[in-house]
1. Within the range 281-291, is there a residue that is in contact (Cβ under 8 Å) with a residue 40 or more places away in the chain, assigned to a helix (DSSP H, G or I) and farther than 30 Å from LEU95 by Cα?
2. Does ARG168 satisfy the criteria of being basic (Lys, Arg), closer than 18 Å to PHE232 by Cβ and touching a strand residue (DSSP E or B) at 6+ places or on another chain (Cβ under 7 Å)?
3. On the basis of being surrounded by fewer than 20 Cβ atoms within 10 Å (Cβ to Cβ), free of Cβ contacts under 8 Å to residues at least 12 places away in the same chain and among the hydroxyl-bearing types (Ser, Thr, Tyr), does THR298 make the cut?
4. When you look at ALA173, is it out of contact with any helix residue (DSSP H, G or I) (no Cβ under 7 Å at 6 or more places or on another chain), among the aliphatic types (A, V, I, L, M) and crowded, with 20+ Cβ neighbours inside 10 Å, yes or no?
5. Can you find, within the range 224-256, the residue that is surrounded by the most Cβ atoms within 10 Å (Cβ to Cβ) among those that are more than 18 Å from VAL208 (Cβ to Cβ) and in contact with a strand residue (DSSP E or B) (Cβ under 8 Å, 6 or more places away or on another chain)?
6. With among the aliphatic types (A, V, I, L, M), surrounded by 15 or more Cβ atoms within 10 Å (Cβ to Cβ) and either assigned by TED's automatic domain parsing to the domain that holds THR32 or touching a Pro at 6+ places or on another chain (Cβ under 7 Å) (or both) as the only criterion, which of VAL183, VAL195, VAL161, VAL153 stands out?
7. Among the residues in the range 179-187, are any at pLDDT 95 or above and either more than 30 Å from ASP53 (Cβ to Cβ) or among the hydrophobic types (A, V, I, L, M, F, W, C) (or both)?
8. Limited to the range 17-31, what total is found for residues that are in a helix (DSSP H, G or I) and within 13 Å of TRP229 (Cβ to Cβ)?
Amino acid sequence: MRIRTAVPEDAAEVVALRAVVHPYLVRGIESTRRMITEPPPGEEWTAFVAEVDGRVVGWASAYRNTQTSAPDLGEIALLHVHPEHRGRGAGHALLDAALDHLRSIGARRVLTTARSEGLPFAHRHGFTPSREVRYSALDLRPVPPMPQPPPGVRLLSAAQVDPRALYRLDATASPDVPGDVPVDAMSYESWQHDVWHNPGFDREASTVAETAGTLVALSLVKRDGDRMWSEFTATLPQHRGRGLARLTKQAALHLAATRGVRTAYTSNDEANAPMLAVNDRLGYRPVASQWSCLRELT
């Protein structure tokens, strides 16, 4: 086994590994290759793979969290090892590589996630579990009906709107998303990289609600083949309580299904009761849970 920095040519194997360990996550080969080739601006992002006999059997990425005012926060995303190669030190080695990178960029605290079976590993390495995140799935067969907007509300696809207006809506609605650290709006440059120019972003299925010429709610879709991920669904604070989050999400699901998507996935903090209620009404069912975990970095 050896640990090395990920390269773009790893993308297909990384996606295949993720499908085994985290089948409810959606990021295709092109999106993964781009993430390795063109890391998000300002995050000092890098990724590592564990390799055995020339095959990728483990992965972890490490970067600076640029979407929070919490100081010196680094993140380790999706540290995972193929089930057939666990118990041989790959996870420990990947964690060491990720922590060394975070130290090199000045991080003092580390945020990561772990499934229930990974919590003992997290505990052994100094992480304290914090918040539970629910992952849910929805079968889009038959195609969900297209909802009818209430008077004064118009539904548009992301392809029909100015990306800067969509960014402003996203940035205004995101700061009160539940989490371990405060969420600050990302820069427009970072948003373009993560969302608008992402190879998996489905601009035709992603849906926004407009009223009186103002975008007030959105449901963004990222797609890989016949699977989709609800990237973000939200409503401006002053327009909440009108059913607009459910309206835009159902419209996005309908449009994605008519374009060949068969299964939709999403995730929510267990404290986010309004969105959990929306998903329950749309028919989503839980498929997995993960816990956020924090530790100091010395």
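The values are calculated or read from the model by the stated rules, or taken from the named source; none is laboratory data. Just so it is clear, the structure is predicted and the values come from calculations on it, not from any experiment. Heads up, the Cβs are rebuilt from the backbone with ideal geometry, glycines too, and the neighbour counts pull from every protein chain shown.
1. yes
2. Criteria not met by ARG168.
3. Working: surrounded by fewer than 20 Cβ atoms within 10 Å (Cβ to Cβ): yes; free of Cβ contacts under 8 Å to residues at least 12 places away in the same chain: yes; among the hydroxyl-bearing types (Ser, Thr, Tyr): yes.
Answer is yes for this residue.
4. It is true that ALA173 is out of contact with any helix residue (DSSP H, G or I) (no Cβ under 7 Å at 6 or more places or on another chain), among the aliphatic types (A, V, I, L, M) and crowded, with 20+ Cβ neighbours inside 10 Å.
5. ARG227
6. The conditions single out VAL183.
7. no
8. 2
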